[in-house]
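Trainee: Quick one: the structure is below, questions incoming.
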């Protein structure tokens, strides 16, 4: 009986741990802050200081209303940033993502927020 109770408690502990890990996958325990810059197609620039508990850049910027787009097989395809919509098909313009001044190696959905970093969406045209 004692052995069965020990096994049951061990299983309960494992399940509780799994629920905790899965439930906290997208939130940080501490508030993160970063600078978000936008360079519009006409060259005007804006800068925002963002504070969030989200861990992924796309989640944080979408939640704050700075970006929008649609989900594709590659993650979020950003169409609108700070109210400006770019359409690659009609204008050849798109939103390029930079992290700390360097072209981002990952899309906005897969970019993990680094506290104190600067992320820039820059309108670029081919």
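The values are calculated or read from the model by the stated rules, or taken from the named source; none is laboratory data. What you see is a predicted model, and the numbers here were worked out from it, not measured in a lab. Note that we place each Cβ from the backbone using ideal geometry, even for glycine, and neighbour counts take in every protein chain shown.
Trainee: Does residue 61 satisfy the criteria of being outside any strand (DSSP E or B) and modelled with pLDDT under 95?
Mentor: no
Trainee: Output the residues belonging to the stretch 79-116 that are free of Cβ contacts under 8 Å to residues at least 60 places away in the same chain, in a loop (DSSP other than H, G, I, E, B) and on the phi < 0 side of the Ramachandran plot. So that I can check it myself, show each step before the final result.
Mentor: Here is the first cut: in the stretch 79-116, the ones free of Cβ contacts under 8 Å to residues at least 60 places away in the same chain are 79-112.
So of that shortlist, the ones also in a loop (DSSP other than H, G, I, E, B) come out as 82-83, 86-87, 92, 100-101, 104-107, 111.
Scanning the stretch 79-116 gives 86, 87, 104, 105, 106, 107, 111.
Trainee: For the structure I just gave you, tell me whether residue 76 is closer than 20 Å to residue 123 by Cβ, touching a strand residue (DSSP E or B) at 6+ places or on another chain (Cβ under 9 Å), part of a loop (DSSP other than H, G, I, E, B) and in contact (Cβ under 8 Å) with a residue 12 or more places away in the chain.
Mentor: Details: closer than 20 Å to residue 123 by Cβ: yes; touching a strand residue (DSSP E or B) at 6+ places or on another chain (Cβ under 9 Å): yes; part of a loop (DSSP other than H, G, I, E, B): no; in contact (Cβ under 8 Å) with a residue 12 or more places away in the chain: yes.
No, not satisfied.
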